[in-house]
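A short write-up of the structure that comes next.
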Amino acid sequence: MDSASALALWLNRFPLSPLNAREPLLYTTMNLHPTRRSLLQSTACGFGGLAMSSFADQTPIQAPRAKRVIFLFMQGGPSQVDTYDYKPELIKAHDQTVDFHVPRSREIEQRTVMKPLWDFQQHGECGRWSSSLFPEVAKHVDDLCFIHSMHTEGVAHGPATLFLHTGATNLVRPSMGAWVSYGLGAENANLPAFVCVNPPANKGGPRNYGNAFLPAFHQGTVLGQPGNPNARPEIKNLKSPLGDDAVLREHQFLKELNRAQSRGTTDTVLDGVIHSHELAWRMQSQAADLIDIENSTRETREIYGIGDEATDGFGRQCLAARQLAESGVRFIQINHCDNSSTPVWDQHSNMPKHETLAGQVDKPIAGLLADLKRRGLLEDTLVWWGAEFGRTPFSQANQGRDHNPRGFTTWLAGGGVKPGFAYGATDEFGFQAVENKVHMHDLHATILDLMGLDHEKLTYNYAGRDFRLTDVHGRVVREIMA
Amino acid sequence: MRFVFGAIATALLSGVGATPCGAKEIPEADLRFFENRIRPILVEHCYECHSEEAGKRKGGLWLDRRAGWEDGGDSGPSAIVHDVEGSLLIKTVRYTDPDLEMPPEGKLSPQDISDLETWVAKGLPDPRDKMMDESGEGFDLEKRKQYWSYQPRKKAFGDRDSIDDFINFRLASEGFEPLPAASPEALLRRAKIDLTGLIPKPEEIESYTANPDHESYEHFVDAWLGTHAFGERWGRHWLDIVRYADSSGGGRALAFPNAWRLRDYVIDSFADDRPLDELIRAHVAGDLLPFEDPSERVENLIATGFLVMGPINYENQNKDELEFDIIDEQIDTLGRAFMGQTLGCARCHDHKFDPIPTSDYYAMAGIFKSTDFVTHANVSKWHTEPVPPSSDAKEVLDAHAEGEKSFQTVISELKQELALLGRGAGSRVASVPILSLPGIVVDGSDAILEGEWQESTSTPRYVGGYYLHDLHEGTIPKSVRFEFELPHSGRFEIRIAYSAAPNRNTAVPVTIEGGGIAKTVTVNQRIRPEHDRLFHTLGKWEFTKAGRISVTVRNTPNGDGHVMADAIQCLSEAGNELPSSELSEVEKTRVTQLEADLKVAEASLQKLLKSAPRIPKAMSVVDLKAEEISDTEIRIRGVEANRGPVAPRGFLQAAVWNEMDRESFEISDAQSGRLELARWITAPQNPLTARVMVNRIWLHLMGEGLVRTADNFGITGEKPTHPELLDFLAGRLIDSGWSTKALVKEIMMSDAYARCSRAGELMQAKADPENKLYWRAHLRPLDVEALRDAILTLSGELDLNGGGPSLPKKFKSEFGHQFVTLKRTVYVPAFRNSGYEMFSVFDFANPNFTVGKRADSTIPTQALFLTNSSFVHEQAEKAAARFVNGETLDIEDTIRAVFLHTLARTPTAEELELTVDFMERDPNWETNPSAAWTALQRSLFGSIDFRYLR
């Protein structure tokens, strides 16, 4: 499904007719009892009754600490030891040969340690470390909650990226945003619950924001274009090539024609067709203004770095994320990625490139944090910065670092996490998580918990089995909660 | 389920012979130790996930009772009395195995770990007497088998002998009056689209409405049944259930350039009415079927492409896991597609609802594990087999092959001579001479052996005369020690040669000692060595001093396969400064000459290969070599590395029958068992297959299946609305020789099929809104294929020449692919990652799964597509232009013609009035009427009677 259809599904919010619900009926616990059907038929617009039946009793188990998530995906895997995981031993051991259990070869190998390419400093009142790669974000460390002990599945980008998004390296499973959409629905009934801006086109592509076996309207709505970091958020077929008068005339003619053709029937599906044209008609005027960057104040654009060449692309994504959050989208993913075969942050031979990349996202992210905070949105918005894995503390091809799923850093901010906090640790070189380890399944469980969902109860019965985002794993990391 | 594993765990435990302390015997000091040191650790770190109090028993393990660690969880007993090293509990808390680290939130303190070790050493004193919880429903195969779908088909139905007999009998008994037949126009449109996916021509409508009797209808049905378009329509239904796609999905979405062969095979199969049982057998075991001529053989191979058509992440670096993921996908798809069974559920535990134990799952996994379906590399690839090229292509290919062969001969001769001189061993030589290898090489024949090692030459490529293996006797400690003198200190690479194969040990410890180095490296001997298929790099190390180096290969107590030892090699990183064999000056000159010639020959060959015409290939599978065929072990909790008992290859116990002639389903040691599996699936006595097939055909014509969960005939699925009719038709299907066309015709000739769909305000609509009794025809939307084909038919753009490759020759990536084809929609590439826009908008079958019945959503994006997309605007303009070509038209006549072409009927008076009004109120009607005709065409595309079968 492409962006337009997913968005429309959500603008519509729910399927328009009982027949729509029939297909998922085969697999889900939801059931369209005759009573619900009569309710549907007896209500003026019918959606209310159906809406209630579209979710599998997934009311939040507790007061949610976060109403929505903004996920900043740094595709390719930024190096933890060059960004936030300060390792003095690594600096001391620079150029020395050390035994590592190398993920790729799955063997113990002797590798030459490489110190971070950037200097570290303590920041804020909490005194958390950050390298000079992210000077602007570093000003917000008192709002950040670092997890230094992340570990995950998958050594290659494809499997690891799918694992990050869906909790499975290979099998086709729903994306985390789709689970959130399924579990909580939309905060704003006129908007999709899950939006993905300019997502990666490779490394699993749409499967990373797909619904798999969940009903189709839980799929992430793509704004912009997969693989194009600078695409403007747009929806397909939203504009007619005709003039306004012609559009109106044709719309009314089709409405009358369809009324004539559905006369004498009580098939709700035919009402559905008529409704779908009405909604499409409304979308043409309304959804176009979902994101309005051009009309933001100059000051706002400035703090996101919009207008500066380096930061313009990601700055727009960050501002769009704030606007979507403000409008009530549950799960917003923005992406620092492109469509090349090597992901953006994948510096196997050229670690200095990290500096250019950080320069593209540092100011926009800091702007997003500041803007959310001053609007009071940071309190119930969880910001999540991370990637599919981290990088090795040893060098590869001279000035590069290899993939490392055994230990890396991610940070959270806002919605229910301890500010200025750091949790877990890697070994002395920053290679492998050793203390208070947080598996990707654990992070998923924790984020769902922050949103008021129990990861063990958020299940979907597909073809005879209850599926979960966390499969049979996952530990809620209560230690990081405020 | 966990009880079955409990049994396994107990079985594994037996023989250990430990008697744990009973509470009574615990000495006071030990009891105090437990209470003071152990219980607090367990309560604080373990109970959260392993206690009744927390309501959690992760991994099937209790740690709040003695019986808990005794019986253990899914991975076996947690602790063994007095055996500190052998106790899983200790292993996990030590964090030595990255996959087994407990507690997960962080390693215990050294004091805690040492206390636990002491506890085990003391004999695990534990006063907690609580029993294992055995409550909950167990897995009772016999009981579950009583469910209707596993029961034999009913064969006697009294005097009922047709579809209408069954349907009307139910209707009458429920007091329902069925609706009358649909109008002739509506019926003919329904029939043609159902049979061919194409809209009827005006002359067909006119001919039928002039004489709308039964014979005339039958005449049309027969004619359309005989078209190739029937194959395109019904082949597409089948492609939905075999999850056909033109790319792999997964991380890289690799293109399937040869998938189209399977698609065309399926289309032709339905056009030719290939019996469904034969089709299924060909999908599962085509490569093993007898054949009369080479073309039949090729078709059979192409059919097996079904098994490698799945959405797979071929990048997965853990190849054992990758293989199991593929097998899992194969089993799950096969179960769903042909038998309506959710077999994938039994990968990790016995099925929660259906009569499918895990052992059945692995019985089938063994069959697929014995099949060659993947070729491994960094990014692995599905298996392919060459297929014969067209005659033109054949000439080019032959010429090329001739050239290649002559170069190969030259190269091989050069290599042979070089090999005799101890240089550059030919890659085809089974035994590689030691002399040909650089660096220091120690062969197994010169190694120091401990324990019995078998000499073998059966799996080629090895160093010297033979290689060694340990007879897979893990319980007897054995080792092979290679020794050599290092002439000086420095950085050296140590390599090992072993003969790789799937039955090898995956974790062979190899210890390197001497020269200031002491290392142990683990080698997975199933992975083919990376250097010339011979040597695998153990590591590169800085040896601080010269002297004796030993490299020791050991077997392991619970190894999962044979341990191999062939040779070791030591290479200097700084260049070939190590001593190797000496040649005379004459020989050296000859070697130089030969090497130069070889270089030229190889470069020429490479050049030739680069310009090679592509050999046509089909996605397919074949059996592995006989010696690699075997049963496989149950994987506990579905974790590949977690091996349980072996499950003999076989089928679903729930669907075997009493009078089954077991011999003809006996799986031999020499074949994978796919042929027997296929024969079992399609046996007339199999209670599932014929019913599932009938149901699939029924739903495409009647809107819903007799079993509404078409892909799930298990206990969580729905029960049939008309169980007897289902069995009646299943019998008819088998009796007709599994003919799709016969069944399609039988359904289409019934009154039930021909009913009107208009529900109106009838009593029936209130009493049976879901039309479970078939008192009317279901209102069905055109699927995306019929919709797009209809639009292109009307614009005159549809290219009816189908078949052949889906992807352009230089296809790179599905991302950004331009869907420009004007062929029928069944030929539009079905990508897994970047789908065609119309596919996603109009509910195309998700190519990742078996889809028996597509979703039928009614969503605004469909409306947006139909009103605003450039595709619809362009096609509507072309369609309108076919009516409007500069002449002055009679507006009403033209409107009638447009309706007849587009909706297969003339407009009602109301529609005519609305349309005339719409046209004439167009402000540009006088100056530019064609815009108004285009607008009419577009509006009709968006109208209900175009989008639905009425």
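Of note:
- Residues in the range A:352-383 that are within 30 Å of residue A:106 (Cβ to Cβ), touching a residue at least 24 places away in the same chain (Cβ under 8 Å) and either part of a helix (DSSP H, G or I) or in contact with a helix residue (DSSP H, G or I) (Cβ under 7 Å, 6 or more places away or on another chain) (or both): A:354, A:357.
- Residue check, residue B:912 assigned by TED's automatic domain parsing to the domain that holds residue B:874, closer than 18 Å to residue A:261 by Cα and buried (at least 19 other Cβ atoms within 10 Å of the Cβ): no
- Residues located in the range A:139-183, provided they are touching a Phe, Trp or Tyr at 6+ places or on another chain (Cβ under 6 Å) and either facing another protein chain (nearest Cβ under 9 Å) or over 14 Å from residue A:448 (Cα atoms) (or both): A:144, A:145, A:146, A:147, A:150, A:152, A:153, A:154, A:160, A:169
- Residue check for residue A:249: surrounded by 16 or more Cβ atoms within 10 Å (Cβ to Cβ), more than 15 Å from residue B:945 (Cα to Cα) and either at the interface with another protein chain (Cβ under 8 Å from one of its Cβ atoms) or among the charged types (D, E, K, R) (or both): yes
- Against the test of being small (Gly, Ala, Ser), at pLDDT below 85 and on the phi > 0 side of the Ramachandran plot, the options B:138, B:76, B:123 yield a single qualifying residue, B:76.
- Qualifying residue in the range A:197-206 (condition: more than 24 Å from residue A:448 (Cβ to Cβ), among the hydrophobic types (A, V, I, L, M, F, W, C) and in contact with a His (Cβ under 9 Å, 6 or more places away or on another chain)): no
- Annotation: of all residues in the range B:336-361 being in a loop (DSSP other than H, G, I, E, B) and among the β-branched types (Val, Ile, Thr), the one that is farthest from the chain's Cα centre (by Cα) is B:356.
- Here residue B:90 qualifies as at negative phi and modelled with pLDDT of 85 or more.
- The range B:717-738, subset part of a loop (DSSP other than H, G, I, E, B) and surrounded by fewer than 18 Cβ atoms within 10 Å (Cβ to Cβ), residue modelled with the lowest pLDDT: B:718
- Within the set B:706, B:762, B:782, B:773, the sole residue that is crowded, with 22+ Cβ neighbours inside 10 Å and not aromatic (Phe, Trp, Tyr) turns out to be B:706.
- Hits in the range B:154-184 - residues which are exposed (fewer than 11 other Cβ atoms within 10 Å of the Cβ) and in a helix (DSSP H, G or I): B:173
- Answer from B:408, B:341, B:416 - the residue that is at pLDDT below 85 and on the phi < 0 side of the Ramachandran plot: B:416
- With respect to the conditions (1) among the hydrophobic types (A, V, I, L, M, F, W, C); (2) crowded, with 21+ Cβ neighbours inside 10 Å; (3) closer than 23 Å to residue B:947 by Cβ, residue B:743 falls short on a single one, namely (3).
- Residue count for the range B:889-917 satisfying the condition of being assigned to a helix (DSSP H, G or I), within 12 Å of another protein chain (Cβ to nearest Cβ) and either out of contact with any Leu (no Cβ under 7 Å at 6 or more places or on another chain) or without any contact (Cβ under 8 Å) to a residue 12 or more places away in the chain (or both): 8.
- For the range A:385-433, filtered to residues that are assigned to a strand (DSSP E or B) and farther than 15 Å from residue A:146 by Cα, the residue that is farthest from the other protein chains (Cβ to nearest Cβ) is A:399.
- Exactly one residue among B:151, B:146 is within 30 Å of residue B:359 (Cβ to Cβ), at pLDDT 90 or above and loosely packed, with under 12 Cβ neighbours inside 10 Å, and that residue is B:146.
- Just so you know, in the range B:837-848 the residues that are more than 7 Å from chain A (Cβ to nearest Cβ) and under 17 Å from residue B:259 (Cα atoms) include one that is nearest to the chain's Cα centre (by Cα), and it is B:847.
- Single match in A:91, A:108, A:70 (criterion: of a type in the set (A, V, I, L, M, F, W, C) and within 14 Å of chain B (Cβ to nearest Cβ)): A:108
- Note on the range B:348-376: residues that are within 10 Å of chain A (Cβ to nearest Cβ) and of a type in the set (Lys, Arg) amount to 1.
- Checked against (1) facing chain B (nearest Cβ under 7 Å); (2) assigned to a strand (DSSP E or B); (3) of a type in the set (A, V, I, L, M), residue A:195 passes all but condition (1).
- Members of the range B:367-388 found to be in contact with a Ser or Thr (Cβ under 9 Å, 6 or more places away or on another chain), of a type in the set (A, V, I, L, M, F, W, C) and surrounded by fewer than 19 Cβ atoms within 10 Å (Cβ to Cβ), listed by number: none
- Test: residue B:114 is out of contact with any strand residue (DSSP E or B) (no Cβ under 8 Å at 6 or more places or on another chain), closer than 25 Å to residue B:349 by Cα and either part of a loop (DSSP other than H, G, I, E, B) or not assigned by TED's automatic domain parsing to the domain that holds residue B:638 (or both): no
- Condition met for residue A:186 (under 17 Å from the mean Cα position of the chain (by Cα), surrounded by fewer than 24 Cβ atoms within 10 Å (Cβ to Cβ) and within 9 Å of chain B (Cβ to nearest Cβ)): no
- Matching residues, the range A:204-213, being surrounded by 24 or more Cβ atoms within 10 Å (Cβ to Cβ) and more than 7 Å from chain B (Cβ to nearest Cβ): A:208, A:209, A:210, A:211
- Enumeration of residues in the range B:45-73 that are of a type outside the set (Asp, Glu), in contact (Cβ under 8 Å) with a residue 24 or more places away in the chain, within 19 Å of residue B:125 (Cα to Cα) and crowded, with 20+ Cβ neighbours inside 10 Å: B:46, B:62, B:66, B:68, B:69, B:72
- With respect to the stated conditions, residue B:83 fails to be farther than 17 Å from residue B:57 by Cβ, touching a helix residue (DSSP H, G or I) at 6+ places or on another chain (Cβ under 9 Å) and at pLDDT below 85.
- For the range A:257-285, the tally of residues that are surrounded by 17 or more Cβ atoms within 10 Å (Cβ to Cβ), in a helix (DSSP H, G or I) and either facing another protein chain (nearest Cβ under 7 Å) or of a type outside the set (Asp, Glu) (or both) stands at 19.
The values are calculated or read from the model by the stated rules, or taken from the named source; none is laboratory data. The shown structure was predicted, so the numbers you read here are calculated from the model rather than taken from an experiment. As a convention, Cβ positions derive from the backbone with ideal geometry for all residues, glycine included, and neighbour counts pool all protein chains shown.
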